[in-house]
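The values are calculated or read from the model by the stated rules, or taken from the named source; none is laboratory data. None of these values were measured; they are calculated from a predicted model. Here Cβ is always computed from backbone atoms with ideal geometry, including for glycine, and neighbour counts include all displayed protein chains.
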Amino acid sequence: MRVRDLIDKQGRSFSFEFFPPKTPEAEDALFDVIVNELSPLEPTFVSVTYGAGGSTRDRTLRIVARIAQETSLTPVAHLTTVLADQEELGRIIDALAASGVENILALRGDPPPGVPEGTVIHHPGLEHAIDLVKLIHARRPGDFSVGVAVHPEGHPQSTSLEDDARYFVEKVRAGAEFVVTQFFFEAKHYFALRERAIRYGFPPDVPILPGIMPVTNASQIKRFAELSGAEFPAWLADRFAGVENPADVRAIGVEVATQLCEELLEGGAPGLHFYTLNRSTATREIYRNLGLGPRGSAAS
Ligand SMILES: Cc1cc2nc3c(=O)[nH]c(=O)nc-3n(C[C@H](O)[C@H](O)[C@H](O)COP(=O)(O)OP(=O)(O)OC[C@H]3O[C@@H](n4cnc5c(N)ncnc54)[C@H](O)[C@@H]3O)c2cc1C
């Protein structure tokens, strides 16, 4: 199913993000998590990230195809323009359509580590995510529900929050039907982004799904936050200070994420997108704390 149709039908969207595992055993373990632990929550969609190397790309394409063909879940394939020209991207888009995938999260992507100097990372005409949004629609008109990403606290390379908002609105207006945000730890960043985008003419019917990263390993998430431009606030670092036991860390992470989700939903966010890091426990605990059942309905 197309994500936008699902969101329109269900009214809200609850989704989970995974990355493609490196070995067949880890892929089977991920399928176990997806099918046995997260499927019962009937997410609106599940998304699979896309890497820079050939083998990780193949894994993404294989996993989204498996989800489309072997489960009742709706997959979203992440796709970037890194190290690929129009021709190659066109072939990937065709392959996704042929395997029954109907949703793509269109991203620019970042230069992968270790590429030789002088390598063309983004080919001419594919320098920004908006170019991929346009390419998907031109290549397969009507075949995909296309989503895009946004960074509520600004992209790490952005010239200003205002410029970021302007470019963000442009790429949505080029044909994005849903938006997933980078993770953040304070609801004010989400609401400020929404306000900025509306000032630049953001289409009000397009859902902006807040990205939620439950902290289950404080030093790992701090590192992710540094890379992604998200602030790891001092009050949050204080909550984890001196906490060593992994179960205690997870309990605090779940409590903090639950509070963030409550504020977002109360403030009108049209759903939640969970960065699962391929595990389900924290997400399921947050669901339970929020009183959410299948498809984000009230649990009975
Ligand atoms: C939800 C989410 C999922 C992600 N999944 C993946 C993944 O699976 N694989 C992966 O490799 N990476 C992924 N990323 C990371 C993403 O690829 C990087 O953050 C990348 O640096 C920017 O991608 P983008 O799509 O936001 O780019 P863009 O929309 O192109 O924006 C990048 C920067 O360029 C500016 N900009 C945009 N358009 C223009 C323009 N026309 N002219 C001038 N400046 C412009 C923007 O303001 C911004 O500062 C993900 C990020 C998020 C938030």
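Restricting to the range 261-294, count the residues that are out of contact with any Cys (no Cβ under 9 Å at 6 or more places or on another chain), over 26 Å from Glu27 (Cβ atoms) and outside any strand (DSSP E or B).
12
What number of residues within the range 168-185 are over 15 Å from Ala149 (Cβ atoms) and in a helix (DSSP H, G or I)?
Residues flagged as over 15 Å from Ala149 (Cβ atoms) and in a helix (DSSP H, G or I) within the range 168-185 amount to 1.
Condition (residue is surrounded by 18 or more Cβ atoms within 10 Å (Cβ to Cβ) and modelled with pLDDT under 90) applied to the range 292-299: is it met by at least one residue?
Yes - at least one qualifying residue is present in the range 292-299.
Quick one: Glu88 ticks every box in (1) away from the ligand (no atom under 14 Å from the Cβ); (2) under 23 Å from His273 (Cβ atoms); (3) of a type outside the set (Ser, Thr, Tyr) except a single one, so which number is it?
The number of the failed condition is (2).
Restrict the check to the range 137-155 and report whether at least one residue is among the hydrophobic types (A, V, I, L, M, F, W, C) and surrounded by fewer than 17 Cβ atoms within 10 Å (Cβ to Cβ).
The answer is yes; a qualifying residue exists.
Quick one: count up the residues across the range 97-120 that are closer than 22 Å to Val48 by Cβ and surrounded by 13 or more Cβ atoms within 10 Å (Cβ to Cβ).
Matching residues across the range 97-120 total 13.
Considering only residues of the range 151-167 that are more than 7 Å from the ligand (Cβ to nearest atom) and not in a loop (DSSP other than H, G, I, E, B), which is farthest from Arg199 (Cα to Cα)?
Ranking the candidates gives Leu161 first.
Please verify whether the range 186-206 includes one or more residues that are outside any strand (DSSP E or B), near the ligand (Cβ under 10 Å from one of its atoms) and in contact with a Ser or Thr (Cβ under 9 Å, 6 or more places away or on another chain).
no
Within the range 96-147, count every residue that is of a type outside the set (S, T, N, Q), within 20 Å of Arg173 (Cβ to Cβ) and within 14 Å of the ligand (Cβ to nearest atom).
Count: 19.
Scan the range 64-82 for residues that are in contact with a helix residue (DSSP H, G or I) (Cβ under 9 Å, 6 or more places away or on another chain) and within 12 Å of the ligand (Cβ to nearest atom) and jot them down.
Val64, Val76, Ala77, His78, Leu79, Thr80, Thr81
For the condition crowded, with 18+ Cβ neighbours inside 10 Å and within 21 Å of Cys261 (Cα to Cα), what is the one hit in Pro207, Pro233?
After ruling out the rest, the residue left standing is Pro207.
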